[in-house]
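K.L.:
Structure in structure tokens, see below.
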Amino acid sequence: MATRRILIIGGTGTISSPISRLAVERGWDVTLLNRGTQSTRPVVEGARSLVGDASDPASLRAAVGDEEFDVVANFRSFLPAQAAADVELFAGRTGQYVYISSASAYQKPIAQLPIVESTPLHNPFWQYSRDKAASEAVLMDAYRERGFPVTIVRPSHTYDAAMIPLDGGWTTLQRMREGRPIVIHGDGTSWWALTHARDLAPAFVGLLGNPHALGAAVHITSEESLTWDAIAQLLGRALGVEPTIVHVASEAIAAVRPEAAGGLLGDKAHSVRFDNSRIRSLVPGWVAPTGFAEGAREIVEWHLADPERQRVDPELDAALDRIIERFGA
């Protein structure tokens, strides 16, 4: 049996790194394409590297040349124009094209829980999510009209040791260490799903070359439900502190930090719960076993292992002080 070939566009990100590693372990011939810039996650051993810019169709075409792949998975496509260019580039040259979308594209406000793959895609708060939904539409039209072999994957909030899920990243954790208050949006009781990247990887790799996944969209998320206060408390426990939490309305935070408005108002401010029946039917036996108590310990240990990872953003820190002073009870 010939070795199956996969092109992963990206390959050194939070989600794509463990997927690339697992694909190599399972015998795939893995080629990674990225810009060649330094990442906190090194290129996976055993994978071949190509250098190209996924946002530039000409660069992507030049990097790939006339090669063909059993699967192409694109982690670096964000706009419908990129999706359309990929259809033209890879049509007839791959047996499956996996597009990494986002569960944030689901309707906001959420009308009904749990969220299923047929939940409408409509997010008026975040351009990123609208662009993902528009890209999905381009690809599904290509599937219906031309037989383009697309599979759409919608991860939700996926993390690893290097990625702190609280807004503010290490700046927020450093505030905890110093005994200073942190900001949590709303009243801290909205429900959230955090998925460890190593748990997502087996589900994703199980979709590769799976004929039942063609023309389908599927989300892959943990089924552990956590409030935002609980997320902060678990990170504090891993640091050996009890965080002082100040609750502030999401709209108020967005008014002071407009750069955070999309991800907050268009995603994190809403309670979510996902039905994972489809991924379990496509990849029988898959589960996401890592609870966030374990994930929080990994995050803290990784950051404390190297002072270079403990970078405080002074502008963000000052903005958090202003939010607490203005809106904190």
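A short reminder: the numbers here are calculations on the coordinates, not readings from a lab. Values in this document were obtained by computation on a predicted structure and should not be read as measured data. Cβ atoms come from the backbone with ideal geometry, glycine included; neighbour counts cover every protein chain shown.
K.L.:
Grab the other residues whose beta carbon is less than 10 angstrom from that of residue 209, score K and R as +1, D and E as -1, and report the net.
P.N.:
Every neighbour counted, the sum reads 0.
K.L.:
Oh, and also: Once the convex hull of the C-alpha atoms of the chain is built, how many Å³ does it hold per residue, rounded to a whole number?
P.N.:
About 134 Å³ per residue, rounded to a whole number.
K.L.:
Please give me the summed charge of the neighbours of residue 116: other residues whose Cβ is under 15 Å from its Cβ, Lys and Arg +1, Asp and Glu -1. Before the final figure, lay out the partial values.
P.N.:
Details: positive: 154, 273, 278, 280; negative: 117, 223, 275.
My count for the surroundings of residue 116 gives +1.
K.L.:
Given 49, 62, 118, which one lies farthest toward the positive end of the charge dipole of segment 38-175, if we put +1 on the Cβ of every Lys and Arg and -1 on the Cβ of every Asp and Glu?
P.N.:
Sorting the options by dipole projection puts first 118.
K.L.:
Tally Lys and Arg at +1 and Asp and Glu at -1 over the other residues with C-beta under 15 Å from the C-beta of residue 3: what net charge comes out?
P.N.:
Surrounding charge for residue 3 is -1.
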